[in-house]
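Taking it in order: structure first as structure tokens, then the write-up.
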Amino acid sequence: MNPFPRFRNILVTMSSSDELTLLRKVAAKDRKAFEALYHLYYRRLFGYLLKITRRAELVEEVLNDVMLAIWKGAAGFDGRSRPSTWIFGIAYHKALKVLARRTEEQSDPDSPEPVDREEPESLATRRELAGVLGRALGSLSPEQRAVVELTYYYGLAYPEIAEIVGCPVNTVKTRMFHARRRLKELLPGLGVTGYAG
Amino acid sequence: MREWEDRGERVHQRIWELLPWYVNGSLAEREREGIETHLAACHRCQEEERVCRRTATAVAGAGEVAPSPHPVQFQRMLAHVEESEREERRQAGGRLLAPFRSFVQAAPRPLRGALMAQAAVILLLIGVVGWQARHTGAASPAQPPAVYRTLSNPDPAPVPSVRLRIMFWPKATEREIRDLLHGVNGEITAGPSRSGAYTVEVPATGDPAGVVLARLRSEPQVVMLAEPTAGELGKPAHD
């Protein structure tokens with residue numbers, strides 16, 4: 001029995017076959033279907049991208065890149081995985097790409113100072129990022145954080161996580177190993193005693 | 001004996017690795033049964049399972065922080081998609097012309113001018129033929145009928161609208177303002193005033209003014225102030 005049944009609902013709110021039908025219409029450049037897909041996935045992708053990037057100001061940009069990739073690539077989706085797996089995989093790679101680009105820009109001594117522009121952040125977002133858990137998750141690498149969130153928040157199996165992040169299952173387990181060790185150091189409330197693997 | 005111990009440690013390590021997915025209930029049946037058998041006898045892994053459950057509860061308890069999408073955001077995303085498609089078409093056009101360009105460059109210099117002139121004439125003829133084909137016969141149903149004003153035909157009645165007073169942040173870009181107004185079917189009809197305020201009219205037959213104002217105010221990085229003009233709320237501009 002799955003002790004976390006509600007978490008699967010975060011990822012799946014429409015049956016896979018219905019989502020596949022929607023994707024096929026997007027592949028045929030049906031804009032109504034594309035809009036439906038956008039509304040279907042917006043909140044899930046927003047939350048997911050925020051969890052990986054930990055930067056609210058990047059989420060909208062990455063989300064638009066993801067939707068563009070779906071628009072262009074829907075025709076190439078072969079249906080071997082679930083549509084949500086494919087979409088979350090795109091989102092994962094787009095997020096890492098943007099993070100890498102921002103890291104490069106910020107380490108370039110000639111790059112201009114970022115414009116100090118107030119970005120609206122909801123109270124929930126600020127709480128997510130600034131709490132003890134938020135800071136602990138923020139100290140993980142994006143790759144480790146993605147595995148932790150996909151496991152504990154989204155309730156996914158490790159083979160599906162491997163498909164989303166595009167790596168072997170042993171790499172998923174290794175990332176989780178390091179993440180667990182790090183979280184234990186930072187979250188004494190988890191009650192670590194004795195063996196830590 | 002050592003081989004037994006090593007094997008036992010490897011099994012233990014394998015179980016330990018799978019505990020997060022045992023906790024989230026996603027393991028295949030065979031793996032799950034193997035873990036339960038091991039857990040029954042291993043206190044270290046029992047403790048680690050408890051740690052995994054507490055971690056899962058903490059992470060899962062963070063809740064959903066995502067807002068619902070705003071129509072303006074969808075329009076922005078669509079604009080991003082359309083811009084990308086336009087760029088692709090421009091590049092494809094360049095690639096289509098590349099063989100022609102190579103052909104012209106390979107031709108002797110005196111002939112190049114004649115080849116370019118020939119291509120221009122052919123394109124012009126194609127354009128003329130296409131234009132004639134589109135404009136012969138009845139008017140296209142997609143085009144609205146021409147409106148003629150005569151002495152007995154008064155000006156068409158103005159569309160009822162509601163007037164709003166809006167101030168935009170100085171750092172808001174023209175694109176952001178345009179997308180925002182497009183999203184609420186708004187049109188700037190006056191301004192800026194000395195204080196920097198614009199009058200924006202939105203159709204009275206569309207969303208209620210309160211809903212439009214809420215949408216405008218949900219973009220605080222673009223809109224500094226949005227309010228109905230004095231006496232406007234509930235009253236169309238043209239009765």
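The values are calculated or read from the model by the stated rules, or taken from the named source; none is laboratory data. In this text the structure is predicted, and so the values were computed from the model without any measurement. Every residue, glycine as well, gets a Cβ built from its backbone with ideal geometry; the counts of neighbours run over all protein chains shown.
Counting only residues that are more than 16 Å from B:GLU227 (Cβ to Cβ) and assigned to a strand (DSSP E or B), how many does the range B:190-208 have?
1
Taking the range B:30-69, which residues are over 38 Å from the mean Cα position of the chain (by Cα) and in contact (Cβ under 8 Å) with a residue 24 or more places away in the chain?
Result: B:HIS38, B:LEU39, B:CYS42, B:ARG44, B:CYS45, B:GLU48, B:GLU49, B:CYS52, B:ARG53.
Can you pull out the residues in the range A:40-53 that are surrounded by fewer than 19 Cβ atoms within 10 Å (Cβ to Cβ) and touching a helix residue (DSSP H, G or I) at 6+ places or on another chain (Cβ under 8 Å)?
Matches in the range A:40-53: A:LEU40 only.
Scanning for something modelled with pLDDT of 90 or more, outside any helix (DSSP H, G or I), surrounded by fewer than 20 Cβ atoms within 10 Å (Cβ to Cβ) and within 8 Å of chain A (Cβ to nearest Cβ), does the range B:46-53 turn up at least one residue?
no
Which condition breaks for B:ALA62 when tested against (1) in contact with a Lys or Arg (Cβ under 9 Å, 6 or more places away or on another chain); (2) closer than 24 Å to A:VAL169 by Cα; (3) not β-branched (Val, Ile, Thr)?
(2)
Can you name the residue in the range A:54-69 that is under 20 Å from B:GLU83 (Cα atoms) and under 12 Å from the mean Cα position of the chain (by Cα) and is also farthest from the other protein chains (Cβ to nearest Cβ) among such residues?
Per the stated criteria, the residue is A:VAL62.
State whether one or more residues within the range B:174-193 are under 26 Å from B:SER68 (Cβ atoms), more than 22 Å from the chain's Cα centre (by Cα) and modelled with pLDDT of 85 or more.
Among the residues of the range B:174-193, not one is under 26 Å from B:SER68 (Cβ atoms), more than 22 Å from the chain's Cα centre (by Cα) and modelled with pLDDT of 85 or more, which makes the answer no.
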